[in-house]
Amino acid sequence: MKNKTLLVTGGAGFIGANFVHYWMRNHANDKVIVLDALTYAGNRANLDAVADNANFRFVHGDICDTVLVESLLREESVDTLVHFAAESHVDRSITGPDAFIETNIIGTYSLLKAAKKVWIDEGLNKEGHRFHHVSTDEVYGTLGPKDPAFTEDTAYAPNSPYSASKAASDHLVRAYHHTYGLNITTSNCSNNYGPYHFPEKLIPLVLTNILHDKALPIYGDGQQIRDWLYVEDHARGIELVLEKGQVGENYNIGGHNEWANIDIVNEICRLMNKAFATRPVLAEKYPEAKAATAGKAESLITYVADRAGHDRRYAIDARKTNAELGYKPYESFESGIAKTIEWYLSNDTWWKAVMDGSYLNWLTQQYGKPEE
Ligand code: NAD
Ligand code: TYD
């Protein structure tokens, strides 16, 4: 197979960085260029493992800079653009939607314009190019407890400024295929978890708060359901879409792993209690983690005000991706969460550095959450 040259937007964020690691491990001869604006969610350290690889290049820049994107596509003769860059946190989209409109909609539009200009109008990689857009299951809206899971044909019904901005970008991507013949694919994935997950999202927030003996905030009644997938299984799904997916198509990626928020938080507490009980060295390393050391991490659970417009349930039906592309997640929830917990226990330097306190203060201002 011909070597590829990938432009990965948002490659310094959670999923983007995991994708870059995965790709470079499995496609050693491909060139990978990351374009990332290094917002609060982007971190150069997430790419340290590949930084010295001769086939890797990091470009600090904004996807809204169409001229920069065009010049990268030309200068590197990029044939594959994988678009992760986004504002991704629902809570932030509720209090400050502007950045979501700017990056998720205008930014995606900017990438599409650059790709059309270089790949279609100028004819560079006219046949072999691919624009892969990374989207979310949240564009499909919310489900009742007995509703069937989202398929690729479920009508879009986004409910938060985040999901609305992602839905708008999905539509633009689709339109650039139908109108201009851009070779696009889109994947809609469920909630991811794993290494490098910024600790404002539920799973890493719970892990790091347990280690700081801080409250574990549960929004509303905690019965909202999310469908969790280990991040490397998302990377594997995108790889299959790039290699075998039909141009112009959407593919759902998910692991059939629905959990109510309160149940997943209790499960993480149980696993952390067990880790502290079986490895006394953890209590020495994390002297603040008093509840976990006492085998009672769940005592930190604190119910707080619900998120505005909180979607009740997401669930992905990935049968099309399974059948057409042979997709199957490798990790069970048990193995994926065990790897994730180990990663956070071993990489406190990483999460301490990204948690400069500002986001916790921000959350408290918004929701009046207890921090202690
Ligand atoms: P993230 O917030 O961890 O990372 C986003 C990255 O994009 C950061 O590195 C940030 O610096 C970069 N970025 C933001 N604005 C930019 C701009 N204007 N120009 C260039 N770079 C910019 O997000 P994530 O959780 O890794 O999500 C990645 C993608 O996957 C997003 O498109 C998101 O919608 C989608 N997605 C996420 C999940 C999930 O569970 N996290 C699930 C499904 C889909
Ligand atoms: P989150 O990780 O923000 O992902 P998303 O909103 O994209 O699904 O939240 C996952 C679920 O956990 C969601 O239903 C909101 C809930 N949640 C809490 O109950 N407490 C928290 O502190 C956070 C961050 C999320």
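The values are calculated or read from the model by the stated rules, or taken from the named source; none is laboratory data. The structure presented is a predicted model; accordingly, all values stated were derived computationally and were not measured. Note: ideal-geometry Cβ built from the backbone for every residue, glycine included; neighbour counts use all protein chains shown. In case anyone asks, the SASA skips ligands and DNA or RNA and just uses the protein heavy atoms, side chains included. Shrake-Rupley method; radii C 1.70, N 1.55, O 1.52, S 1.80 Å.
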- Stretchable slack from TYR180 to ALA260, in nm (0.36 nm times residue separation minus alpha-carbon distance): 24.6 nm
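Starting with the highest mean, order 100-109, 213-222 by the number of other Cβ atoms within 10 Å, averaged over the residues of each peptide. Kindly include the intermediate steps, with their values, before the conclusion.
Working: 100-109: 21.8, 213-222: 18.4.
Ranking the peptides 100-109, 213-222 by packing returns 100-109, 213-222.
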- Item | Where only C-alpha atoms are counted, convex hull volume of region 227-352 per residue in Å³ | 149
- Note on the structure: One can check that the equivalent ellipsoid of the chain, built from the alpha-carbon gyration tensor with semi-axes equal to the square roots of five times its eigenvalues, has lengths in Å, largest first, of 35, 22, 19
- In Å, the Kirkwood hydrodynamic radius of region 17-94 over pairs of distinct alpha carbons? 13.7
- Task: Return one quarter of the surface area of the convex hull spanned by the alpha-carbon atoms of region 152-241, equal to its mean projected area, in nm².
- Result: 7.9
- Query: Cα to Cα, under 22 Å, and not fewer than 8 places away if on the same chain: which lysines meet these conditions relative to LYS274?
  - Reply: LYS214, LYS285, LYS290, LYS296, LYS339
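I'm a student and want to see the number: the projected area of the Cα convex hull of region 25-68, averaged over all directions, in nm².
Values: hull surface 14.8 nm².
If you wrap the Cα atoms of region 25-68 in a convex hull and average its projections, you get 3.7 nm².
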- Item | Tail fraction, Cα-Cα pairs, region 97-213, threshold 26 Å, whole percent | 35
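Under the 0.36 nm per residue contour assumption, what length would be gained going from the current alpha-carbon distance of ASN55 and GLU102 to full extension?
Answer, rounded to one decimal: 13.9 nm.
For the chain, what % of the accessible area comes from carbon and sulfur atoms, probe 1.4 Å?
Of all accessible area on the chain, carbon and sulfur atoms account for 50 percent.
Would you mind calculating the relative contact order of the chain from Cα pairs under 8 angstrom and at least 6 residues apart, reporting the percent as a whole number? List each step's numbers first, then the result.
Working: 685 pairs, mean separation 63.7, N = 372.
It rounds to 17 percent for the chain.
Just the ratio, please: alpha-carbon radius of gyration of region 200-240 over 2.2 N^0.38 Å, N its number of residues. Please report the intermediate quantities before stating the final value.
Working: Rg = 13.9 Å, N = 41, 2.2 N^0.38 = 9.0 Å.
That ratio works out to 1.54.
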- Query: At a Förster radius of 56 Å, what calculated FRET efficiency corresponds to the Cβ-Cβ distance of ASP221 and LEU124, to the nearest 0.05?
  - Reply: 0.55
- Item | q = 0.17 Å⁻¹: log10 I(q)/I(0) that the Debye formula gives for region 1-136, counting C-alpha atoms only | -0.88
- Message: With the crude spin-label approximation of a point 7 Å out along Cα→Cβ, what separation in nm comes out for ALA157 versus LYS320?
- Response: 1.8
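Could you work out the helix-only [θ] at 222 nm for the chain, with each DSSP H run of four or more residues adding -39,500 (n - 2.57) and the total divided by the number of residues, to the nearest 500 deg cm²/dmol? Spell out each step's value before the answer.
Details: 14 runs with 147 residues, N = 372.
It comes out at -12000 deg cm²/dmol, rounded to the nearest 500.
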- Task: Please determine, in degrees from 0 to 90 and to the nearest 10, the orientation of helix 333-346 with respect to the longest principal axis defined by the Cα atoms of the chain, where the helix direction is its Cα long axis.
- Result: 80
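So which of LYS146/LYS244; LYS126/LYS328; LYS2/LYS244; LYS146/LYS328 end up more than 26 Å apart by C-alpha?
Violating the 26 Å limit, Cα to Cα: LYS146/LYS244; LYS126/LYS328.
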- Message: Treating region 263-320 as a set of equal point scatterers at the Cα positions, no solvent, please give the Debye-formula log₁₀ I(q)/I(0) at q = 0.16, 0.28, 0.30 Å⁻¹.
- Response: -0.64, -1.12, -1.20
